[in-house]
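Asks: Sharing a structure with you now.
Coordinate-derived values only; no laboratory data. For clarity, every value in this text was computed on a predicted model and none was experimentally measured. Don't worry about glycine lacking a Cβ; one is built from the backbone with ideal geometry, like all the others, and counts go over all protein chains shown.
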Amino acid sequence: MQFDWMVGCYAGAGVHRDTPLLEHVDRETVMAGVDAAVDAGLDGLWAPDHFLLGPRHEEFEVWTLLSAIAERTRGSGVDIGPLVGSITYRNPALLAKMATTVDNLSGGRVRLGLGCGWHREEHEAYGYDFPPVNERIDMLDEGIRVVKAMFTEAEPEFAGDHYEIDGAYNEPKPIQDPHPPIVVGGAGPRMLRLAARHADEWNVEISGRARGKPIEFKARKFDEYLEAEGRDPDEVERSWLAHCIVREDPDELDRLCEEIFPLPWGEEEDVDDQLSTPEEAREKGDFLIGTPAEIAAQIEPIRELGFGKLQLIFPDFPATRGIKLFGDEVAPRVD
């Protein structure tokens, strides 16, 4: 099973609940986390594509950050990518050029995470259009086609309702053959069908698991949609985004949880509730909380559902003890 880190690159527990103990974003702190994840043997580094997640309005832009991470981790072999990029924030031809550049600079390690976007406040603040969700899904479908054309065609062309390119050269091509893997994030019916059509990896994050049908149902439907597209379900990877709070000593774990909770909770932009206790976090948010042995046991049902990769958020960051402990004590138990 593969374990990755969702890089902590925004400060505080705001719209999301990922970095409640991080007071400020700076290069040294973020890169110390990157170094710790690599040293712990984690296999990938992902970053969120947002501008206004934290209450302090401090956040690094994802592709600029990934370029720095690519250089920082040169020779490590770890995957890097956005989890997931919003199709509404960048023209897909430009996005393909950016991803191609980072793939070359990283030695062929980019995984291109894409979704249809959800954070209305960011769109309005930065002057981006925020169409209805079905239109955004249509944009994503076309955008992935544009990206694949840019990755693979000598003279990329595409004409759709939302995007058009004509001779949009993209040289040098990505290192990975045939192209960097496409990771689609989402769990609604239309997003599952889109992922079945286009994705090399399907990612399901916390809100996607919390809404609608149970995740077991969504995983079964995803297999059905893949088969309807003529694709082998075993050839498409599945990944699961999860928070992890781990300590060896139960009393120390209790003290850490008292420091972390309560956390904001809700579905995407409708954050109007709280996770007050570890028990609520496990029940509502699928948090992994416990000793290394307990965390390993909590991961097993996820693996049994067919998810071979966990992208992990460690709410104790900027401390790196959770990262190190996971790599040293949890991952070997699961493997």
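Asks: Could you go through the stretch 294-300 in sequence order and give the Karplus-derived ³J(HN,Hα) for each residue, using 6.51 cos²θ - 1.76 cosθ + 1.60 with θ = phi - 60°, rounded to whole Hz, and x for Gly and Pro?
Replies: Along the stretch 294-300, the couplings run 5, 4, 4, 5, 6, 6, 4 Hz.
Asks: Under the rule of at least 5 residues apart or a separate chain, name every residue whose amide H is placed under 5 Å from the amide H of ASP79.
Replies: So ASP79 has HN proximity to GLY44, LEU45.
Asks: Ranking PHE130, PHE261, PHE3 by Cβ neighbours within 10 Å, fewest first, what do you get?
Replies: Taking fewest neighbouring Cβ atoms as first place, the list is PHE130, PHE261, PHE3.
Asks: Each residue of the stretch 165-171 in order: what ³J(HN,Hα) in whole Hz does its phi give by Karplus 6.51 cos²θ - 1.76 cosθ + 1.60, θ = phi - 60°, with x for Gly and Pro?
Replies: 10, 8, x, 7, 4, 9, 10
Asks: Test of the criteria: in the stretch 72-165, which GluC sites (Glu not before Pro) are in a DSSP loop and have at most 10 other Cβ atoms within 10 angstrom of their Cβ?
Replies: Sparse-neighbourhood loop GluC sites (Glu not before Pro): none present.
Asks: Arrange the following residues from fewest to most other Cβ atoms within 10 Å of their Cβ: MET31, MET139, MET150. Kindly include the intermediate steps, with their values, before the conclusion.
Replies: Values: MET31 16, MET139 22, MET150 25.
Starting with the residue having the fewest Cβ neighbours, the order is MET31, MET139, MET150.
Asks: Another one. Would you order GLU279, GLU294 from fewest to most other beta-carbon atoms within 10 Å of each residue's own beta-carbon? Can you show the working numbers first?
Replies: Numbers: GLU279 12, GLU294 15.
In increasing order of surrounding Cβ atoms, one gets GLU279, GLU294.
Asks: Turning to a different aspect of this structure: Show me, for the stretch 304-321, the HN-Hα J-couplings you get by feeding each phi into the Karplus relation (A = 6.51, B = -1.76, C = 1.60, θ = phi - 60°), rounded to Hz, glycine and proline as x.
Replies: 5, 6, x, 8, x, 9, 10, 9, 9, 10, 10, x, 7, 4, x, 4, 10, 5
Asks: Exceeding 29 Å between C-alpha atoms, which entries from my cross-link table qualify? They are LYS148/LYS309; LYS173/LYS221; LYS213/LYS309. The partial results should precede the final answer.
Replies: Numbers: LYS148/LYS309 24 Å; LYS173/LYS221 34 Å; LYS213/LYS309 22 Å.
In this structure, LYS173/LYS221 lie more than 29 Å apart at Cα.
Asks: Could you list which residues have their amide H under 5 Å from that of TYR10, counting only those 5 or more apart in sequence or on another chain, with H placed in the peptide plane?
Replies: When sequence neighbours closer than 5 places are left aside, there are no close amide H contacts.
Asks: Would you calculate a helix-derived [θ] at 222 nm for the chain, using -39,500 (n - 2.57) for each DSSP H run of n ≥ 4 and dividing by the full residue count, to the nearest 500?
Replies: Taken over the chain, the calculation gives -12000 deg cm²/dmol.
Asks: Return the percentage of antiparallel bridges among DSSP beta bridges fully within the chain, rounded to the nearest 5 %.
Replies: 20 percent
Asks: Using modelled amide H (1.01 Å from N, peptide plane; none on Pro or chain starts), what sits under 5 Å from the amide H of GLN274, excluding residues fewer than 5 places away?
Replies: Those qualifying (amide H under 5 Å, at least 5 residues apart or on another chain) are TRP265.
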